[in-house]
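Shown next, in structure tokens, is the structure this report addresses.
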Amino acid sequence: MGMISSALDRPTRTAAVISTEDEALTVVGTIAGIFSAAAGGTLATAEARLDLLSRSGLFGISVPTEYGGIDVSNTVLADVCAVASAQSATLGEILAAHFVVLEELRSHGTDGQRSGVFSAALSGARLARAVPRRNGEEAETLPLAASGLAWRLSGEALCTPCTRHADWLLVPTRNDGGKAASLLLPTRIDGLHYVANNCEPANGAPQSAEHVLFKDVLVDGDALLHAPGEVAVPHSLGLLLGAARQLGAGQRALGRVLDKAEGDVFEAGLLSARLAAAQAMVAEAGRAIDAAQIGIADQHRTNAFLAATAARAVAQEAADHLRAAGGGAQREGLSANLAEALRQSGRLRREAHRNPEDG
């Protein structure tokens, strides 16, 4: 039995079927509210929240149509992660990691890997990602040593929050000959050790990355995925969903700015404009990745990578400005007309925020 099939041995879940993009956005809003409420201790355990998430159907929304999914556009996938991150950074990270690993399978998996994992995702299975570490610092890969017809993996990594409750973990590796590859490992195999006693956050804080040790893990051939190039679609999708997570954090911070009774309306207008610009770039990058998924030319993948990188940088900058709000926005270099337009924009944003039905 290979490593792909071994993760399927756990009891079968029953997940809801999400059939439209609008439904996906509605469902993630509901789940995000539950994760947000959990920060105040209203839902008992992380395991209960994750089980609810698995049963929601969200893990299957990016599965290709030929495997039974609805394959939502990447712009909607970014919207899903932004909505999640606006209420729960942990939920946004879990969803983004899952969607990126599914894209790795779409782009670089075998037919058998795709068939098994995509079917499981539609039933609520979750995929997580590992960031290798060496000597206390982030590393690109973990070493993969040949062992007869198989391999052995050792090292440590910081992984998606609550990886112990996921089904598979994607680990970047490099073999003795210097060739890079990714491994899709079941999260319950001999040699994987979870350092913490559990994945419950402390004092309502966001759940931290899961620290995982790999101790002489035996790896067989069906766990291997060929390594993508620098501008491969999964890399671009990771950048896009990273931008979406920053957008969600920015939206949460903007809400705090708009809540201020005596806040600077010019600052509110300028911060809203920065966030709107980032949102537009995220949408454009999503469309570029859509094209790269169906295009055969290298230029499609290059365009997607460039657009996703730009969106990630601009979203990060917008979120940073919002986190630092309150120090007074800079007006230098702005025309009087633009400054007045930004003040009016800030007033309108504040009114819509305080009266959402009217907005």
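The values are calculated or read from the model by the stated rules, or taken from the named source; none is laboratory data. Computed from a predicted model, the values in this text were never measured in an experiment. Here the Cβ positions follow ideal geometry from the backbone for every residue, glycine too, while neighbour counts run over all protein chains shown. Remember, those area values only see protein heavy atoms, side chains included, never the ligands or the DNA or RNA. Shrake-Rupley method; radii C 1.70, N 1.55, O 1.52, S 1.80 Å.
Values as computed for the structure displayed
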{"quantity": "Rounded to 10°, Cα long-axis angle of helix 233-259 versus longest principal axis of the chain", "calculated": "40"}
{"quantity": "Net dipole in debye of the stretch 239-335 [+1 Lys, Arg Cβ; -1 Asp, Glu Cβ; about Cα centre; nearest 20]", "calculated": "220"}
{"quantity": "Mean separation of Cα contacts under 8 Å, 6 or more apart, over the residue count of the chain: relative contact order %", "calculated": "18"}
{"quantity": "Burial order of peptide ranges 151-161, 46-56, 82-92 (average beta-carbon count within 10 Å, highest first)", "calculated": "82-92, 151-161, 46-56"}
{"quantity": "Whole-number percent relative contact order across the stretch 117-171, with pairs defined as alpha carbons under 8 Å at least 6 apart", "calculated": "44"}
{"quantity": "Environment charge at D79 (Cβ cut-off 11 Å; Lys +1, Arg +1, Asp -1, Glu -1)", "calculated": "-2"}
{"quantity": "Positive-end residue, the chain charge dipole about Cα centroid, Cβ charges, pick of A24, G155, L322", "calculated": "L322"}
{"quantity": "Helix-derived mean residue ellipticity, 222 nm - over the chain, DSSP H n ≥ 4, -39500 (n - 2.57), to 500", "calculated": "-17000 deg cm²/dmol"}
{"quantity": "Equivalent-ellipsoid semi-axes of the stretch 245-303, from the Cα gyration tensor, Å, largest first", "calculated": "35, 10, 6"}
{"quantity": "Whole-percent carbon and sulfur share, accessible surface of the chain, 1.4 Å", "calculated": "52"}
{"quantity": "Dipole of the chain, positive end: most advanced residue of S36, A78, G178 [Cβ charges, Cα centre]", "calculated": "S36"}
{"quantity": "Where the chain is the region considered: accessible area per residue in Å², 1.4 Å probe", "calculated": "46"}
{"quantity": "Relative contact order (%) - criterion: Cα under 8 Å, at least six apart; region: the stretch 32-161", "calculated": "24"}
{"quantity": "The chain: angle of helix 21-38 to the longest principal axis, Cα-based, in degrees nearest 10", "calculated": "90"}
{"quantity": "In degrees, nearest ten, helix 265-294 long axis to first principal axis of the chain (Cα)", "calculated": "30"}
{"quantity": "Cα gyration tensor shape of the stretch 177-297, rounded if a/c is under 1.5, else prolate or oblate by comparing a/b with b/c", "calculated": "oblate"}
{"quantity": "Distance in nm between pseudo-label sites at A313 and D222 (7 Å out along the Cβ direction from Cα)", "calculated": "4.4"}
{"quantity": "Test item: Cα-centred dipole of the chain, Lys/Arg +1 and Asp/Glu -1 on Cβ, debye", "calculated": "420"}
{"quantity": "Among L271, L241, Q207 - extreme Cα towards positive end, dipole of the stretch 182-282, charges at beta-carbon", "calculated": "L271"}
